[in-house]
Amino acid sequence: MFENASWIIHPNNNLYEPVCFIKTFKADKVKRALLNVTTLGCYYPMLNGERIGDFILAPGFTSRKRVQYQSYDITKMLKADNTLEITVGDGWYNGKINFVVANDTPKALLCQIEIIYTDNTKKTIVTGDNWLVRKDKLRFAELYDGEFYDSNFEDAPVNAKILSHDKKIVVKQQGVYVKEQEIIKPIAIFKAPNGDTIIDFGQNLTGYFEFTANAKRGDRVEFTVCEELDKYGNFYNENYRDAKARFEYICHDGLNTYKPRLAFWGFRYMRVDSFPCEITADNISAIVVHSDIKRTGYLSSSSRLLNKLFSNIIWGQKGNFLDIPTDCPQRNERQGWTGDASVFCKTASYNYDVEAFFEKWLTDLKLDQGKKGNIPNIIPQTVCWDWSTTETTGALWGDSATIIPYQMYKTYGSTRILKSLYPTMKRYLGYIATHTKKRYLWYGCDQFGDWLGLDAPSGSYRGSSNEDFIASVFYYNSAKIVADVSRILGKDGTKYDLLAQKILDKIRNTFKDYKTQTECTLALYFDIAEDKASVAKALNDMIRANGNRLTTGFVGTPFLLHALSQNGYTETAYDLLLQEKFPSWLYSVRQGATTIWEHWDGKNEQGDFWSKSMNSFNHYAYGSVADWVYEEACGIKPKIAGFEEVIIAPKPTDKLDHLSAIIHTRNGKILSKWYHENGKIRYEIETPVSATIIIDGREYIVPSGKYLF
Ligand code: BGC
């Protein structure tokens, strides 16, 4: 593909201006026509004034070592005389997310149109300096800052210039397309106390908007977005930091209908800075955009607040699965932070079918692995956060290389990702071994610790749990995963079994007591503690003494409820899940959250914000609590990878009237529901494969079917 095509650019390419490449061609008696295209920057393709395909922000976000191309069947769109217009904006490749400096990598196009005529003759049209290019009506498009579109702008086309740029980086589309998914209407349009006009969409979402306005030439439409209002009910966007998150549009005479082309925003509210006529629910909507992943998991309970939490977890996933798993969709970050993905991947894989989504991202992880084997803390690597050369990796963040492929195997049963990532995993273990300051531990290195743990010393983000202990536990976990993956792939895993054993012995000899909730949690969940009963009791005591409240951050939280319920403290796990006082999951729900917050204390009872520097209201990491509800509260776990056989061991409580989970696995639908009836607990179970059902300690081995206990 693209053998005869050249990368082309605007001859006077200005870094910040989108450009539009134009090709006119005749097409008569066409049987089939295919457009193959890729760009440096994101593109918006049109043929004869109509949008081609529905992939938003193509060609997607990948490692800079590759760029995906897309193929569109344009047969039905063709006329006798055709005009192809492809607008290219900054996107991920050239935008602020990459901090690319002046004209280093201009917005470029590589394209090949293949036409087969009805008499079976063929013609190929490829990019070259006979293509035209002009500045676009889309005057500015950048992911953090937003869009500016001038519908009256005209520019005379000039011949494109050839860019000498490697074509070997071009690969076939691997990821899932990003598409428009839902339309959301405002729930309110009101005047804030300070006089601003604000639109409330009722949901913190990721995507853009569409408006219609009758206007005069030169009238302006201007919006700025935010996630939360301040305690007075005024617009608040300081937590977006340097991301301007703006939209500006200059109208032409008559009816103007527009939706952004090459940007997205994370927002619930929109401030109307300018609009040519009255703005009502009839002329503005929000459009939710994310990777086209299929929903597979559903949780439901008798608690209204808990159901809202389940919904917030789903919205956290929708908002952050936009081509890559991002930390957040709104501020000047939106990066593929690996630790966040590590803790959320299990929940993500039950909620949605994310195997293909992660396969693409893990390919980028493999490509961006540092020379010494370290895993950069964000994937894809961006120019501004280049960790591939710094040789650092944070525990849990780097362990994305083992944890995520392994989880994809467990949820979906295929070994394809494991095979592809196996060398990466081994090199990663090698990296830790050569960089630690103490053999068989991960010791003395730069770490994120229990990121955002509430027991953080003042002024720190890192919790107070021992960072060397945390890192060593994940080193141990990764060694065990690599040993198991070796066996799964039919290779000898003995070396990694031995390594894991040595790490375990060393951890046990070095870290003798566990002082924080996170330390106890890890010691239990990862089988470090020798006397689990007393560690579980200590953990339980800490939580009880803290008024049934947690202090854990990114590292402890995902495993906390598992550690409790697997060690005899299921009721304490429920107390944490159902806790409404700060800090807790339901505290944010009580505060009106519609997604998962980055910080337990993102907003306090008085409505004051934690800080403006790091305060996202759409960060999925703590949404990982859903996997406890699927696996422990409702008890659904794969017995054989891919749910070829299943274990269903629900753990009911008197604190809820009912709870249910459904997972549509690759082998069919699993349902586990329990409810109270006449002083007893009823269990409704449905399994598509043979199952081990455990109720009140009694085991039932059953074939596929529906069961009532
Ligand atoms: C991100 C986090 C990330 C962390 C690591 C933050 O800025 O938003 O989610 O994991 O940095 O340091």
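A single member of Ala245, Ala281 is in contact with a Gly (Cβ under 8 Å, 6 or more places away or on another chain), of a type outside the set (Lys, Arg) and modelled with pLDDT of 95 or more, and it is Ala245.
Whether a residue is aliphatic (A, V, I, L, M), surrounded by 18 or more Cβ atoms within 10 Å (Cβ to Cβ) and closer than 26 Å to Pro405 by Cα was assessed, and Ile670 passes this test. Scoring Arg64 on the criteria (1) closer than 27 Å to Asp150 by Cβ; (2) out of contact with any strand residue (DSSP E or B) (no Cβ under 7 Å at 6 or more places or on another chain) leaves a single failure, condition (1).
The rows are residues; the columns are (1) surrounded by 22 or more Cβ atoms within 10 Å (Cβ to Cβ); (2) in contact (Cβ under 8 Å) with a residue 12 or more places away in the chain; (3) part of a loop (DSSP other than H, G, I, E, B).
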site: Leu309; (1), (2), (3): yes, yes, no
site: Asn312; (1), (2), (3): yes, yes, no
site: Arg334; (1), (2), (3): yes, yes, yes
site: Gly339; (1), (2), (3): yes, yes, no
site: Ala356; (1), (2), (3): no, yes, no
site: Glu359; (1), (2), (3): no, yes, no
site: Leu365; (1), (2), (3): yes, yes, no
site: Gly370; (1), (2), (3): no, yes, yes
site: Thr393; (1), (2), (3): yes, yes, yes
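Taking Lys167 as the residue in question, decide whether it is of a type in the set (Lys, Arg) and assigned to a strand (DSSP E or B). Answer is no for this residue. Give Ser349, Ser342, Ser311, Ser302 a once-over and let me know the one that is modelled with pLDDT of 95 or more, closer than 18 Å to Glu598 by Cα and more than 16 Å from the ligand (Cβ to nearest atom). After ruling out the rest, the residue left standing is Ser311. Got at least one residue in the range 354-376 being under 17 Å from Gly623 (Cα atoms) and modelled with pLDDT of 95 or more? There is at least one residue in the range 354-376 that is under 17 Å from Gly623 (Cα atoms) and modelled with pLDDT of 95 or more.
Checking each residue in the range 458-481 for being touching a Gly at 6+ places or on another chain (Cβ under 9 Å) and either within 16 Å of the ligand (Cβ to nearest atom) or of a type outside the set (Gly, Ala, Ser) (or both) picks out Ser460, Tyr461, Arg462, Gly463, Ser465, Asn466, Glu467, Asp468, Ile470, Ala471, Phe474.
The values are calculated or read from the model by the stated rules, or taken from the named source; none is laboratory data. Worth saying up front: this structure is predicted, and the values here are computed from it rather than measured. Don't worry about glycine lacking a Cβ; one is built from the backbone with ideal geometry, like all the others, and counts go over all protein chains shown.
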